[in-house]
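Chemist: Sending over a structure as structure tokens; questions will come in a sec.
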Amino acid sequence: MSMAALSVNGLSKAYGTVNALRGITLEVAPGELFCISGPDAAGKSTLLRVLAGTLKPDSGSVTILGSDGVSRPPILRYSIGYMPQRFAIYADLTAEENLDFYCAFYGLGRQATRSRVENLLRLTHLEKFREFQAGNLSGGMKQKLVLACALVHEPELMILDEPTTGIDPLSRREFWGILTDYLARGKTIIYSTVYLEEALRSNRIALMDSGSIKVCDTPEKLLERVRNRRFFVATEAREQAAAALNASPAVASVQPLGSGVAFLVTDSAEALATATTALTGAGVMAKPEPAQPTLEDVLILAGTQ
Amino acid sequence: MTNNAIEVRDLVRRFGSFTAVDRITFDIERGEVFGFLGPNGAGKTTTIKVLIGILAPTSGTCRVLGLEVPRDTARLKQSVGYMSQKFSLYEDLTSRENLRFFGAVYGLKRDVIGSAIDSSLSRFELARYESAQAKELPSGARQRLALACAMLHDPGVLFLDEPTSGMDPTSRRQFWEQIHRLAAAGKTVLVTTHYLDEAEYCNRLCLINQGHIIAEGTPTQVRALSRTSALNVVCTPLNKSLTALLSRPDLGETSIYGGSLRVVTPDPDSARREIPALLEQAGVRLVSITSDQPTLEDVFVQLVRESNA
């Protein structure tokens, strides 16, 4: 069996009386794209900070690329790239100067610097903006530049903390394009997101809550848990439909949408029939149609069961 | 009388030689939740700023609740609420003090402000945070407080610019439930978001790019505009397959999806034809290729790219 890129055992961390991490154990394989998701204060950032070496855990062990991730031999600095939520780029420097700076920081020679900077400017579609001061770039461009800075030393493992928050869908696509390219070269990525659609882009997802991992599985297996449970009824009478569904014991969760109401049924065999009767009783005659489940449904059902 | 809360006709806004909004026309009905989507720099925020009366239009006409922009700006400010992603709460003030401050800004009279704040605290489920400083609030409560501040003067129209940015799934869902309650009570809501799964919460969508409207309709109608398809490619090993598919960007855009790859492509027939040979050459075992529904984000990205081309 090949060695894990990252392995964490019984990791705990408290801030005063708040237990941010409660005995986290997980393993990430080389070349894996691993996602950590969950609500605020679940411990996502704390976990990533421990992995990145900017925070010491209270107990537990971390092994990264074969080295001890807690005592952190200097070599780890060169094999890990870390993009925290607030990453320092120099607003007064141009896009290209920022990249040059990080190359110098990692001790890259002139030739390596030139080729990597050019390659990253191309991948991020920032060639035309190389002379722009970083502070004047749009949010999406800034975020791509930050990613490029974290990639200059071609780390084996990338740690990304909510990397795409606030950037537009087009920039986000490009951002993921860069990461996909990096993955294709056999590198490993662990990232966090509060956007469940983005969590689905991974090989595996760990859903965290209150400092623990609640479930950890592939997107397919997670969605399998809620298969045949989500329905959608198209109706203008959304309020009536939502009220009727909320009152039905067969319904686990109700989500009013723009053109109707989506809902999750409980796992009893008659649940759909019961929910349909509740809708008809409220004067909503449209038939509920099966709908594609979402990761949010997984979270909700995990919370109610 | 028209049932439109917002009417925009041929709106243009220039900044020097740059045209941020270029002759856009749209209507929003009373009680509608209207999703205003587009990449950064598309003109969304500029349009909102015109509609709330803080930027004058270069040309075109806009009416909000029958009031003309910019002529009726003073009255307009009493009828609209605005909350942006960077909405600033006073960090050292408590929830109640923040509300009182915004009440004063909107000119609420002293005799009504107390009861307005009380009902706002309960309506937005903030009662338990009444005496907590803004900086101590969890992000969901913070965002609800920002919304409560923007709504204290009971405006008929709400402009929400990326209100859910950075919010966690539970808070986002509660936030949207709140928006639907407001709409059901007759408020009109224009909302922007970068997260396309949220577009499903809207009654109607308008997609804007480089100052032009490039698509409009219900989420279902917008989805139907797409000529984009998605394929789910099950194959092993994944890294090798990824390298092979990335070498052929003409076949589509490839990403990881769990244990398989997802290829978003304008031409699924040729992709289906060519992918097996490509993977075989790369020494990859192909298990299956199946069709997958494009997401609203796939559609959005395709429409914006076509309009940029």
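The values are calculated or read from the model by the stated rules, or taken from the named source; none is laboratory data. Owing to the predicted nature of the structure, the values given are computational and were not obtained by experimental measurement. Cβ atoms come from the backbone with ideal geometry, glycine included; neighbour counts cover every protein chain shown.
Chemist: Collect the residues in region B:255-266 that are assigned to a strand (DSSP E or B) and either within 7 Å of chain A (Cβ to nearest Cβ) or at positive phi (or both), keeping them in residue-number order. So that I can check it myself, show each step before the final result.
Modeler: Initially, region B:255-266 is screened for residues assigned to a strand (DSSP E or B), giving B:255-257, B:260-265.
Result: B:255, B:256, B:257.
Chemist: While we're here: Of all residues in region A:69-84, which are in contact with a Phe, Trp or Tyr (Cβ under 9 Å, 6 or more places away or on another chain) and over 20 Å from residue A:144 (Cβ atoms)?
Modeler: A:77, A:78
Conditions (1) facing chain A (nearest Cβ under 10 Å); (2) of a type outside the set (Val, Ile, Thr); (3) in contact with a helix residue (DSSP H, G or I) (Cβ under 9 Å, 6 or more places away or on another chain); (4) closer than 23 Å to residue B:309 by Cβ, marked per residue:
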site: B:204; (1), (2), (3), (4): yes, yes, yes, no
site: B:207; (1), (2), (3), (4): no, yes, yes, yes
site: B:237; (1), (2), (3), (4): yes, yes, no, no
site: B:242; (1), (2), (3), (4): yes, yes, yes, no
site: B:246; (1), (2), (3), (4): yes, yes, yes, yes
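Chemist: One residue is enough: does region A:70-84 have a residue meeting the conditions out of contact with any strand residue (DSSP E or B) (no Cβ under 7 Å at 6 or more places or on another chain) and within 30 Å of residue B:258 (Cβ to Cβ)?
Modeler: no
Chemist: Among the residues of region A:209-224, is any at the interface with chain B (Cβ under 7 Å from one of its Cβ atoms), part of a loop (DSSP other than H, G, I, E, B) and out of contact with any Gly (no Cβ under 6 Å at 6 or more places or on another chain)? Walk me through how you get there before you give the answer.
Modeler: Going residue by residue through region A:209-224, those that are at the interface with chain B (Cβ under 7 Å from one of its Cβ atoms) are A:218-220.
With part of a loop (DSSP other than H, G, I, E, B) added as a condition, the list becomes A:218.
Now drop any that are not out of contact with any Gly (no Cβ under 6 Å at 6 or more places or on another chain), which leaves none.
Scanning region A:209-224, I find no residue that is at the interface with chain B (Cβ under 7 Å from one of its Cβ atoms), part of a loop (DSSP other than H, G, I, E, B) and out of contact with any Gly (no Cβ under 6 Å at 6 or more places or on another chain), so the answer is no.
Chemist: Further question on the same structure: Kindly indicate the residue of region A:36-79 that is among the basic types (Lys, Arg) and touching a Gly at 6+ places or on another chain (Cβ under 9 Å) and also farthest from residue A:201 (Cα to Cα) among those meeting that condition.
Modeler: Just the residues of region A:36-79 that are among the basic types (Lys, Arg), to begin with: A:44, A:49, A:56, A:72, A:77.
Imposing the further condition that a residue be touching a Gly at 6+ places or on another chain (Cβ under 9 Å) reduces the set to A:44, A:72, A:77.
Working: A:44: 17, A:72: 30, A:77: 27 Å.
For region A:36-79, the residue satisfying everything is A:72.
Chemist: From the list B:33, B:69, pick out the single residue that is crowded, with 19+ Cβ neighbours inside 10 Å and either outside the structural domain of residue B:8 (by TED's automatic domain parsing) or more than 22 Å from residue B:149 (Cα to Cα) (or both). Don't jump to the end; show me each part of the working.
Modeler: Working: B:33 fails: either outside the structural domain of residue B:8 (by TED's automatic domain parsing) or more than 22 Å from residue B:149 (Cα to Cα) (or both).
Result: B:69 is the single residue among B:33, B:69 that is crowded, with 19+ Cβ neighbours inside 10 Å and either outside the structural domain of residue B:8 (by TED's automatic domain parsing) or more than 22 Å from residue B:149 (Cα to Cα) (or both).
Chemist: Here is a further query. How many of the residues making up region B:53-66 are in a loop (DSSP other than H, G, I, E, B) and either surrounded by fewer than 20 Cβ atoms within 10 Å (Cβ to Cβ) or of a type in the set (S, T, N, Q) (or both)? Talk me through it step by step, then tell me what you get.
Modeler: Going through region B:53-66, the residues in a loop (DSSP other than H, G, I, E, B) turn out to be B:53-58, B:65-66.
Checking which are either surrounded by fewer than 20 Cβ atoms within 10 Å (Cβ to Cβ) or of a type in the set (S, T, N, Q) (or both) leaves us with B:54-56, B:58, B:65-66.
Going through region B:53-66 one residue at a time, the tally reaches 6.
Chemist: Here are some residues: B:131, B:115. Which one is at negative phi, in a helix (DSSP H, G or I) and not β-branched (Val, Ile, Thr)?
Modeler: Working: B:131 fails: in a helix (DSSP H, G or I).
Every option except B:115 fails the conditions.
Chemist: Another one. Give the residue, chosen from B:304, B:287, that is touching a residue at least 40 places away in the same chain (Cβ under 8 Å), within 14 Å of chain A (Cβ to nearest Cβ) and in a strand (DSSP E or B). Give the derivation first.
Modeler: Working: B:304 fails: in a strand (DSSP E or B).
Selected residue: B:287, the only one of B:304, B:287 that is touching a residue at least 40 places away in the same chain (Cβ under 8 Å), within 14 Å of chain A (Cβ to nearest Cβ) and in a strand (DSSP E or B).
Chemist: With surrounded by 17 or more Cβ atoms within 10 Å (Cβ to Cβ) and either in contact with a strand residue (DSSP E or B) (Cβ under 8 Å, 6 or more places away or on another chain) or at pLDDT below 90 (or both) as the only criterion, which of A:238, A:225 stands out?
Modeler: Numbers: A:225 fails: surrounded by 17 or more Cβ atoms within 10 Å (Cβ to Cβ).
Selected residue: A:238, the only one of A:238, A:225 that is surrounded by 17 or more Cβ atoms within 10 Å (Cβ to Cβ) and either in contact with a strand residue (DSSP E or B) (Cβ under 8 Å, 6 or more places away or on another chain) or at pLDDT below 90 (or both).
Chemist: If you don't mind, another one. Kindly evaluate residue A:233 against the criterion of being free of Cβ contacts under 8 Å to residues at least 40 places away in the same chain and in a strand (DSSP E or B).
Modeler: Values: free of Cβ contacts under 8 Å to residues at least 40 places away in the same chain: no; in a strand (DSSP E or B): yes.
The answer is no for residue A:233.
Chemist: Follow-up question, since we're still on this one. Look through A:40, A:58 and report the one residue that is among the acidic types (Asp, Glu) and out of contact with any strand residue (DSSP E or B) (no Cβ under 9 Å at 6 or more places or on another chain). I'd like the intermediate steps shown before the answer.
Modeler: Working: A:58 fails: out of contact with any strand residue (DSSP E or B) (no Cβ under 9 Å at 6 or more places or on another chain).
After applying the criteria, what remains is A:40.
Chemist: Within region B:211-221, does at least one residue satisfy the condition of being part of a helix (DSSP H, G or I), more than 12 Å from chain A (Cβ to nearest Cβ) and under 24 Å from the mean Cα position of the chain (by Cα)? Before you say what the answer is, go through the steps one by one.
Modeler: Of region B:211-221, the ones part of a helix (DSSP H, G or I) are B:219-221.
Still in the list and also more than 12 Å from chain A (Cβ to nearest Cβ): none.
Among the residues of region B:211-221, not one is part of a helix (DSSP H, G or I), more than 12 Å from chain A (Cβ to nearest Cβ) and under 24 Å from the mean Cα position of the chain (by Cα), which makes the answer no.
Chemist: Residue A:296 versus (1) closer than 18 Å to residue B:219 by Cβ; (2) among the charged types (D, E, K, R); (3) at pLDDT 90 or above: which is the lone unmet condition?
Modeler: Every condition holds for residue A:296 apart from (3).
Chemist: A further question on this structure: Quick check: is even one residue across region A:177-195 away from every other protein chain (no Cβ under 11 Å) and among the aromatic types (Phe, Trp, Tyr)?
Modeler: Checked against the condition, which is being away from every other protein chain (no Cβ under 11 Å) and among the aromatic types (Phe, Trp, Tyr), region A:177-195 yields at least one hit.
Chemist: Applying the selection to region B:86-112, what residues are touching a strand residue (DSSP E or B) at 6+ places or on another chain (Cβ under 8 Å) and part of a helix (DSSP H, G or I)?
Modeler: Those that are touching a strand residue (DSSP E or B) at 6+ places or on another chain (Cβ under 8 Å) and part of a helix (DSSP H, G or I): none in region B:86-112.
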